[in-house]
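Trainee: Quick one: the structure is below, and I'll ask about it shortly.
Read-outs throughout are calculated quantities, based only on the coordinates presented, and are distinct from any laboratory measurement. The shown structure was predicted, so the numbers you read here are calculated from the model rather than taken from an experiment. Quick reminder, even Gly has a Cβ in these numbers, built from the backbone with ideal geometry, and neighbours come from all protein chains shown.
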Amino acid sequence: METLYSFLVVGHFIGLAAIVGPFLVQMRRNENFAIAAVFGGAITQLATGILLTGLAEGLDRDLDYAKITTKLVIALVVFVAALLGWLRARKGSNDRSIKPFFHAAGGLALVNIILAVFW
Ligand code: HEM
């Protein structure tokens, strides 16, 4: 169980990197956003976060559920923004119309990192 928990934490960090990495590299761009990586990262964060929460319960780890709920709500918004951006990219929409979704997903993931560490 402990090893599984550690693997999930690794997955949680990889998902985080897949969102925040492209965002930091491409935040000043106006085209060719790596929105598919951000979308994959958003799915990973929801899946690993929910599994970590369930496992933490089983391992008797103390979690702050107000913090987890806040992170979950923000992660859902990150997911919806990434999904909408990804769908637009798949339809071949103008890159400028993808930019707000890319920025919303990346910026809110940064907010979640700050919450995870400081709360
Ligand atoms: C964009 C989404 C997310 C980001 C950027 C993020 C970021 C982080 C970070 C940086 C940590 C390490 C904190 C530390 O060890 O001090 C962490 C841990 C954790 N996250 Fe997330 N997270 C996200 C979404 C979620 C979601 C949706 C859940 C659950 C519903 C969740 C549950 C957890 C749990 C259980 C831990 C380990 C326990 C803790 O220290 O709070 N995370 N997350």
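Trainee: Taking the dipole about the Cα centre of the chain, with the C-beta of Lys and Arg at +1 and of Asp and Glu at -1, give me whichever of Leu63, Phe118, Ser6 is farthest to the positive side.
Mentor: Ranked along the dipole, the leading option is Phe118.
Trainee: Pull up the cross-link candidates among the lysines for Lys91, meaning alpha carbon to alpha carbon under 28 Å and not fewer than 8 places away within one chain.
Mentor: Lys91 reaches Lys99.
Trainee: Right, here's the next one. Can you tell me the length gained on complete extension of the stretch Lys91 to Thr70, counting 0.36 nm per residue apart and subtracting the Cα distance? Before the final figure, lay out each step's value.
Mentor: On the way: separation 21, 0.36 × 21 = 7.56 nm, distance 3.19 nm.
So the chain would gain 4.4 nm between Lys91 and Thr70.
Trainee: Taking only DSSP H segments of four or more residues, each worth -39500 (n - 2.57), what value at 222 nm results for the chain once the sum is divided by all its residues, to the nearest 500 deg cm²/dmol?
Mentor: Working: 4 runs with 99 residues, N = 119.
Per the formula, -29500 deg cm²/dmol.
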